[in-house]
Amino acid sequence: MYKAFAASLTGTALEFYDFAVYSAAAAIVFPLIFFPASDPVTGTLLAFSTYAVGYISRPVGGIIFGRLGDEIGRKKILVITLMLIGVATFLIGLLPTYDNIGVIAPAILVFLRFAQGVGVGGEWGGAVLLSSEFGDPNKRGFWASAAQIGPPAGNLMANGALAVLTLTLSEEDFLSFGWRIAFLISALLVAFGLWIRLKLEDTPIFKAMEARGDKPKAPIREVLATQRRPLIAAMLSRIGPDVLYAMCTVFTLTYGIQELGFDRGQVLVAVMVGSALQLFTMPLAGAISDRINRRLVYAIAAVGAAVWAYLFFIILEGRSPVMLIVGIVLGLLCHSFMYGPQAAFVVEQFSPRLRSTGSSLAYTFAGI
């Protein structure tokens, strides 16, 4: 069971490792090396537009791999998606610049980002099913939370890698080759994930479906025809945690530095402290939802998040580094108790034979 837990966590950790590293590179490096002919503002906008491509392509992955997960198995899909994300991320680290190959460089960057998004679109649904279908059904909240630990784990690894590179390299060296190291070392996470996933068999639930001959022939059509309401409920459950996480991380990083004058290091430390705590609060929230109604846990956390959003701006205006950490930790605590039980909630909306399709569609389309 714990191998399934680790295998589930690895893919989503890689996804958010890439999320954080790509965000930093798009803001600092890519405008200079892939769009040097543009003015600084236009170059930055073009760099972040390549980032958006990864979100736009996610539904493609959700449709393709979600469907295949119900037809050929959870394990096979997770091996493919991890390799797709990993190879694309690694190749970005090797990509020649605009000065080397001209406009072909940003074109290849867009293609690789699209490929990453396709892989990510199929990863989450399969990862959640892998851990939840191997685990005890009465503890599904805890086991399914493995995939939810990926965001804070990936964030911690990315910020740690960027901090080390920033401290050890000059600005010139970081722009020249340092940023590439952050992408290339993702290969270690991919290798670890593949090592675990290739050792696992498919989930007991899928093998039972296969033995009964109960695999769907047209799972997407079946989900849309028979499980529209569960699909909408699953999609809506993603919106709140996604917005809250973006506020605690991306928004705070920009607003805190540009508008309030916090040092970049102060904000990163605050986010890293909150992310480290989430490694424990995320599975805790999943486990609590096994004992209490999942909707109730989610609802209480959502109310807490609404109160936090109001108080957080008051806290930030004080410009205290200590209170900044307190504010982000409280926000990510609310996020844990929404996001931790969410995986099990999404899985439970769909019958076993349609879980991969339904979960992947809900994840990818809600995240656009």
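None of the figures in this text is laboratory data; all of them are computed from the coordinates on show. The structure displayed is predicted, hence computed values, not measured ones. Neighbour counts run over all protein chains shown; Cβ positions are idealised from the backbone, glycine included.
Under the classification rounded if a/c is under 1.5, otherwise prolate if a/b is larger than b/c and oblate if not, where does region 150-255 fall, given a ≥ b ≥ c as square roots of the Cα gyration tensor eigenvalues?
It is oblate, given that a/c is not under 1.5 and a/b is not larger than b/c.
What full-extension length gain, to one decimal in nm, is calculated for residue 225 and residue 48 as 0.36 nm per residue of separation minus the Cα-Cα distance?
Values: separation 177, 0.36 × 177 = 63.72 nm, distance 3.68 nm.
Stretched fully, the residue 225-residue 48 segment lengthens by 60.0 nm.
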Excluding residues fewer than 8 positions from residue 217 in its own chain, the lysines with Cα under 17 Å of it are 207
Burial order of peptide ranges 168-178, 118-128 (average beta-carbon count within 10 Å, highest first): 118-128, 168-178
Provide, for q = 0.06, 0.07, 0.12, 0.13 Å⁻¹, the log10 of I(q)/I(0) from a solvent-free Debye sum over equal Cα point scatterers in the chain. -0.22, -0.30, -0.88, -1.03
If you find the alpha carbon centre of region 310-352 and of region 1-76, how far apart are they in angstrom? 22 Å
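Would you kindly state how much longer the chain becomes between residue 199 and residue 233 on full extension, computed as 0.36 nm times their sequence separation minus their alpha carbon distance, in nm to one decimal?
Residue separation times 0.36 nm, minus the Cα-Cα distance, leaves 8.8 nm.
Which ordering of 2, 55 is given by a fewest-first count of other beta-carbon atoms within 10 Å? Working shown, then result.
Details: 2 11, 55 15.
So the ranking, lowest neighbour count to highest, is 2, 55.
Quote the FRET efficiency, to the nearest 0.05, computed for residue 3 versus residue 39 with a Förster distance R0 of 56 Å and r equal to the Cβ-Cβ distance.
Values: r = 51 Å, r/R0 = 0.91.
That gives a FRET efficiency of 0.65.
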What residue among 20, 246, 158 has the largest mean-square fluctuation in a Gaussian network model of the chain, using Cα springs under 10 Å? 246
With springs connecting C-alpha atoms under 10 Å apart, model the chain as a Gaussian network and identify which of 339, 98, 17 has the largest mean-square fluctuation. 98
For region 247-306 and region 188-244, distance of Cα centres in Å: 26 Å
How large is ³J(HN,Hα) for each residue in region 285-291, as worked out from phi by the Karplus curve 6.51 cos²θ - 1.76 cosθ + 1.60 (θ = phi - 60°), to whole Hz, x for Gly and Pro? 4, x, 5, 5, 5, 6, 9
Kirkwood Rh over Cα pairs of region 126-199 into Stokes-Einstein at 10 °C, 1.306 mPa s: D in µm²/s? 109 µm²/s
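Would you mind calculating the gained length between residue 110 and residue 76 on full extension (0.36 nm times residue separation, minus the Cα-Cα distance), in nm to one decimal?
On the way: separation 34, 0.36 × 34 = 12.24 nm, distance 2.64 nm.
Residue separation times 0.36 nm, minus the Cα-Cα distance, leaves 9.6 nm.
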According to a simple spin-label model (label point 7 Å from Cα along Cα-to-Cβ), what is the distance in nm between residue 302 and residue 87? 4.1 nm
Förster radius 45 Å - calculated FRET efficiency between residue 171 and residue 310 (Cβ-Cβ, nearest 0.05): 0.70
Points 7 angstrom from Cα along the Cβ direction at residue 259 and residue 319: gap in nanometres? 1.5 nm
Among 110, 307, 223, determine the one that fluctuates most according to a GNM of the chain built with springs between C-alpha atoms less than 10 Å apart. 307
In whole Hz and in residue order, list the ³J(HN,Hα) couplings for region 25-39 that follow from phi through the Karplus curve 6.51 cos²θ - 1.76 cosθ + 1.60, θ = phi - 60°; x for Gly and Pro. 5, 5, 7, 9, 9, 4, x, 7, 9, 10, 10, x, 6, 8, 5
Tell me the angle of helix 321-347 to the major Cα principal axis of the chain, expressed in degrees between 0 and 90 and rounded to the nearest ten. 30 degrees
Where labels lie 7 Å past Cα in the beta-carbon direction, separation of residue 184 and residue 277 in nm: 3.7 nm
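Mind listing which trypsin sites (Lys or Arg not before Pro) in region 186-267 are in a DSSP loop and have 14 or fewer other Cβ atoms within 10 Å?
Details: sites: 197, 199, 207, 212, 217, 221, 228, 238, 264; in loops: 217.
Those satisfying the criteria are 217.
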Karplus-derived 3J(HN,Hα), 6.51/-1.76/1.60, for each residue of region 267-284, Hz, glycine and proline x: 5, 4, 4, 4, 5, 5, 4, x, 5, 4, 5, 5, 4, 9, 6, 5, x, 4
